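The values are calculated or read from the model by the stated rules, or taken from the named source; none is laboratory data. What you are looking at is a predicted structure, and each value in this text was computed from that prediction instead of being measured. Glycine also receives a Cβ, built like all others from the backbone with ideal geometry; neighbour counts cover every protein chain displayed.
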Amino acid sequence: MDQKNYHSRLLNISNQFDPVIEKLKSSYIDEKYSSWYVWLATAPLRDIEKVLQLQQGIISFFTGKFFVAFLPLLSAIFGPLLFIPTDLSAWVTPFASGFIGYLITMAIYFPQLTRFDSDHFHTGAYQVFRRQEYDLFKAAFLDPQGEFYFKGIYDYVTNSKEGYRLVERLIHDFLQNERTNYESKIHYFEEKIKDINKNAEEITSEYNAFTEELISERDELLTEFEYVIQLLKDLNTLLFRMHNKGLTKKDLNVLTGFTLYELRGDKLVQIEDVGTSGITAEEISLSDPRYSHYGVVKVIKENLDQPYFNHPYPGHVVVSYRMRIDQKAIWVYNFHFDDSNTRAWKLLVENDIIESKEIYRLVHALCLLSQDFDPKEEKGAVNQ
């Protein structure tokens with residue numbers, strides 16, 4: 001739209017007005033050295049000079065515009081025969097005819113003084129007879145340096161437009177590069193944010209897992225503390241029973257049901273059976289193959305100082321522990337409990353809350369203390 005209304009129109013104006021401006025500027029010399037009426041009077045002479053330079057035929061001469069230049073001469077020759085009365089003198093007739101022809105010629109040449117496309121254009125005549133247009137052209141286009149043309153404006157605008165396009169292209173390239181750089185930075189920061197969010201999620205997940213683990217461990221510790229507290233309560237009861245002379249071997253079930261055997265020769269004789277199903281034999285021969293897989297037999301025959309774990313049937317555990325009693329006798333204490341008994345499993349097997357060997361040492365000590373009490377003797381109550 002801009003090029004159609006301004007740039008292309010400026011070129012059209014240049015084609016129309018630049019020849020006119022050039023004509024006005026080039027005719028200044030005519031204004032300096034001759035007046036417009038002298039220029040008009042000599043118009044036929046200028047055309048006659050041009051006619052003499054023509055190399056065309058007679059037809060071209062009579063059909064061309066230069067025929068007007070010969071009109072005064074022709075009127076002087078043929079005028080007396082056509083227009084002038086014959087009673088005039090011989091020299092007056094040609095002169096009068098020529099003068100009339102010359103006046104007619106001047107009337108024909110006069111309009112050409114103000115026509116830009118005429119060779120007889122004269123700035124002085126244009127200034128006199130078309131003053132308003134002359135002043136407009138002079139103020140707008142006829143600068144003192146004589147350098148103004150619409151073509152120059154067109155070239156300037158064209159070059160400016162090319163420069164504008166160059167600047168526009170440079171700005172576009174710069175903005176495109178900046179946009180690419182910003183998009184690259186945005187992508188980089190987006191990836192960084194994703195990594196940060198991912199790391200934050202991982203840290204949060206790890207923190208939650210760690211928190212859940214701590215809570216689980218806390219709950220487990222609280223449960224284990226409950227187990228220890230219960231064990232302490234059972235020990236307190238035993239201590240009071242010892243003080244009141246009421247302790248018997250049946251009180252040795254501090255954790256689970258148990259069976260207690262004493263080694264006598266090549267047999268194991270049952271001393272106590274508390275909290276079990278009562279299915280265990282009262283006497284077990286060490287040489288009897290039926291009992292060879294029993295833990296109570298293995299700890300004796302293999303002389304084990306460590307507890308022996310046995311599963312007589314699915315879901316049930318028997319832990320056999322061999323003890324020496326005052327260097328005189330050997331007892332085997334058997335813990336009987338199910339797999340679901342977490343308290344017994346934690347204290348006797350997993351070695352988590354208290355070292356399991358301390359539990360076995362405690363049972364050993366209680367068995368030793370039980371030797372000092374006679375169950376047949378009457379006991380008094382103790383105010384707790």
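Residues that are assigned by TED's automatic domain parsing to the domain that holds ILE330 and β-branched (Val, Ile, Thr): list the strands (runs of 3 or more DSSP E) wholly contained in the stretch 206-303 that include at least 3 such residues.
Once the strands (runs of 3 or more DSSP E) in the stretch 206-303 are filtered for at least 3 residues that are assigned by TED's automatic domain parsing to the domain that holds ILE330 and β-branched (Val, Ile, Thr), what remains is 267-274.
Would you mention how many residues in the stretch 100-125 are in contact (Cβ under 8 Å) with a residue 60 or more places away in the chain and of a type in the set (S, T, N, Q)?
Residues flagged as in contact (Cβ under 8 Å) with a residue 60 or more places away in the chain and of a type in the set (S, T, N, Q) within the stretch 100-125 amount to 3.
State which residue is surrounded by the most Cβ atoms within 10 Å (Cβ to Cβ) when the search covers only the stretch 245-272 and only residues that are more than 25 Å from GLU302 (Cβ to Cβ) and in contact (Cβ under 8 Å) with a residue 24 or more places away in the chain. Explain how you work it out, then say what you get.
Residues of the stretch 245-272 more than 25 Å from GLU302 (Cβ to Cβ): 245-251, 253-254.
Okay, now just the ones that are also in contact (Cβ under 8 Å) with a residue 24 or more places away in the chain, so 245-251, 254.
Numbers: LYS245: 15, GLY246: 18, LEU247: 22, THR248: 14, LYS249: 18, LYS250: 14, ASP251: 19, VAL254: 18.
Looking at the filtered set, the residue picked out is LEU247.
Being closer than 16 Å to LEU366 by Cβ and out of contact with any Lys or Arg (no Cβ under 9 Å at 6 or more places or on another chain) is the filter here; which residues of the stretch 320-343 pass it?
Taking the stretch 320-343 first, the residues closer than 16 Å to LEU366 by Cβ are 321-326, 329, 331-335.
Matches in the stretch 320-343: TYR321, ARG322, MET323, ARG324, ILE325, ASP326, ASN334, PHE335.
Would you check which residues across the stretch 347-364 are free of Cβ contacts under 8 Å to residues at least 24 places away in the same chain and assigned to a loop (DSSP other than H, G, I, E, B) and list them?
Taking the stretch 347-364 as the starting set, the residues that turn out to be free of Cβ contacts under 8 Å to residues at least 24 places away in the same chain are 350-351, 355, 357-358, 361.
Result: ASN351, GLU355.
Could you tell me whether PHE373 is of a type in the set (Phe, Trp, Tyr), under 14 Å from LEU255 (Cα atoms) and touching a residue at least 60 places away in the same chain (Cβ under 8 Å)? Quick ask: steps written out before the conclusion?
Details: of a type in the set (Phe, Trp, Tyr): yes; under 14 Å from LEU255 (Cα atoms): no; touching a residue at least 60 places away in the same chain (Cβ under 8 Å): yes.
Answer is no for this residue.
Within the set of pairs 6 or more residues apart or between chains, which connect a residue that is of a type in the set (Gly, Ala, Ser) inside the stretch 298-325 to a residue that is in a strand (DSSP E or B) with Cβ atoms less than 7 Å apart?
Listed pairs, sorted by first residue: GLY315/ASP338; SER320/TYR308; SER320/ASN310; SER320/VAL332; SER320/ASN334.
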